[in-house]
Amino acid sequence: MKPLPNTRNACVAVALVSSSIALSEAFIQPASLSIRSPASLTSPLVPTPRRSTQRTGLSSTNADKRNQLDDCFNVICDGFIRPTLFAAALTASIFSSQPAFADGTPNEDVAKPTTSSKLNGPPAYDEAWGLIKKYALDQKYNGQDWDEAYAKYLKDISSTSTDEGQIMKATSNLVGSLGDKYSRVLDKESYARIQKFDLIGVGVTLMPDPSTKEIIVGAPPVQDSAAFQAGLKVGDAVLAVNGVDTLGRTAFDIIDQISEAPDANVVTFTIRSGDEYRDVTMKRELLEVKDPVSYRVSETREDGTKVGYIRVSEFNSRVKPSLEAALRDLEGQQVSAYVLDLRGNPGGAFQSAVEIAGLFMSDKLATDVVDGNGVSLKFRTSANKVAIDPSEPIAIWVDGRSASASEVLSGALRDNCRAVVMGDQTFGKGLVQAVYGLKNGYGLVLTVAKYLTPAGTDINKVGIVPDVSKEEALPSSPGFVPFFGSDTSKVDFNNVKTRMIAPMCSTI
């Protein structure tokens, strides 16, 4: 976490770029981008109920912007593939699934082709096919018969083939046949790099076993990670974490527990592997993950209002403890109003967005996640972990590049009347991806669910329409420009307070 200097007299050198790909925090999560015209936005001087209407039309300019973002998809920006959600644990906990494979043996719970008695392709291909069959959000598989697709893309490969390049090409073609720009195969290097979204820090995914309710290792550990080196395997039961029993707890509870000591260098699991019990202490590898939070007291107004400005650049493994510390510090400086700047934030770990919402409101619905079979799971914020006074007004700044987890957080706070959204219409990515580790060290990114805001709004390809326009409340400079991009002087916090009170805000 980096406190911003509180002076306005610094010399600032800014290099502006025209392409989103060139930005240091570039995006590979394309989605329909629809920016609402300023004239159609509600004036802050005349409060009205905030329920927005969805717009699907794009101007030619906005369509061009969408195409530019689409072109960035599958590009490695600043050396990292950035899947929107590192959510294998999320997916597993939502759908109470078992891991696809354990010790190389297909799990009976994974779907198999009805046209044959067993899977007969290379293990990685079979894994990917089975995961898609069971978990894909699009259960019509882009209009295909998924059994026929299995045979179609496997036809030129022998079940005993060891040509990894050929096998993964066929697997990529299988995944590509879904017609989903977000679902894809990650090579070994790219799969390893997404550990920046690993909230535990040892390269392991945890999930509940549907039969025993125990927490288990839900996917093969990331190659060469601490969990991999410790010999953890899919199906191993995690009986305790740092001495705390996991029985009756969720993967999110464990992540919460670990995040309470964000600087801890190690974590200890008590493992049961078959009939063997052992304690495994693993080194956490989070040190190179960028701190995504910067903040400062931006101004003290004539009426005594002290404004805290906080910028969050992405939702990685450090965001929750870093943001919490920033809020505590600002509260200690008697800040009484907040600007949360999510402009240009492409998202990250879904869990982090839900946890962060709990810093602003206690035990409230954060989002509703729905899978391809229509099964939903409602995620609520933690109880009694609020970091600031619940009466203090919050303005959330967004733009057309605020996506995914940024939209989860914005929708959660707005629909619960805890914040007012300002800026441009957001990116419009309301889909959830899970990242599965394949047995050969590759990864599968798969769209497994969609999420709705607490009010039931599906924002995919639409985005969140702000309550107040950029021209009315935001600085002209973007958020990554120091000082000028964090000028909060145009925000009317009296209006924000009014909008946060019923009947101006329709509580859910």
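The values are calculated or read from the model by the stated rules, or taken from the named source; none is laboratory data. Keep in mind that what you see is a predicted model, and the values were worked out from it rather than measured. Ideal geometry is used to build each Cβ from the backbone, glycine not excepted, and the neighbour counts take in all protein chains shown. For the accessible areas, the whole protein counts, side chains as well, though only heavy atoms, and no ligand, DNA or RNA atoms are used. Shrake-Rupley method; radii C 1.70, N 1.55, O 1.52, S 1.80 Å.
Details
- In the set VAL267, VAL297, only one residue is closer than 17 Å to ALA395 by Cα, in contact with a helix residue (DSSP H, G or I) (Cβ under 8 Å, 6 or more places away or on another chain) and among the β-branched types (Val, Ile, Thr); that residue is VAL297.
- Only listed residue being modelled with pLDDT under 90 and either in contact with a helix residue (DSSP H, G or I) (Cβ under 7 Å, 6 or more places away or on another chain) or not hydroxyl-bearing (Ser, Thr, Tyr) (or both), chosen from ASP109, ASP126, ASP138, ASP163: ASP109
- The helices (runs of 4 or more DSSP H) located wholly in segment 142-222 that include 3 or more residues which are of a type in the set (Phe, Trp, Tyr) occupy 146-154.
- Checking GLY430 against (1) modelled with pLDDT of 95 or more; (2) in contact with an Asp or Glu (Cβ under 7 Å, 6 or more places away or on another chain), the condition it does not meet: (1)
Residue by residue, here is whether (1) over 22 Å from SER317 (Cα atoms); (2) in contact with a Gly (Cβ under 7 Å, 6 or more places away or on another chain); (3) surrounded by fewer than 24 Cβ atoms within 10 Å (Cβ to Cβ); (4) of a type outside the set (Lys, Arg) holds:
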{"site": "SER362", "(1), (2), (3), (4)": "no, no, yes, yes"}
{"site": "ALA366", "(1), (2), (3), (4)": "no, no, no, yes"}
{"site": "ASP371", "(1), (2), (3), (4)": "yes, no, yes, yes"}
{"site": "SER382", "(1), (2), (3), (4)": "no, yes, yes, yes"}
{"site": "ALA387", "(1), (2), (3), (4)": "no, no, yes, yes"}
{"site": "SER410", "(1), (2), (3), (4)": "no, no, no, yes"}
{"site": "VAL420", "(1), (2), (3), (4)": "yes, no, no, yes"}
{"site": "GLY423", "(1), (2), (3), (4)": "yes, no, no, yes"}
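- Hey, LYS233 of a type outside the set (A, V, I, L, M), free of Cβ contacts under 8 Å to residues at least 60 places away in the same chain and either assigned to a loop (DSSP other than H, G, I, E, B) or surrounded by fewer than 19 Cβ atoms within 10 Å (Cβ to Cβ) (or both) or not: no
- Elements of type helices (runs of 4 or more DSSP H) in segment 389-508, at least 1 residues being within 24 Å of the chain's Cα centre (by Cα) and either over 25 Å from VAL297 (Cα atoms) or without any contact (Cβ under 8 Å) to a residue 24 or more places away in the chain (or both): 405-415
- So LEU431, is it in contact with a Lys or Arg (Cβ under 8 Å, 6 or more places away or on another chain) and open to solvent by 10 Å² or more (accessible area, probe 1.4 Å): yes
- Test result for GLY332, small (Gly, Ala, Ser), open to solvent by 10 Å² or more (accessible area, probe 1.4 Å), at pLDDT 95 or above and out of contact with any strand residue (DSSP E or B) (no Cβ under 6 Å at 6 or more places or on another chain): yes
- Among the strands (runs of 3 or more DSSP E) confined to segment 283-382, the ones with at least 2 residues that are more than 26 Å from PHE493 (Cα to Cα) are located at 365-371, 376-380.
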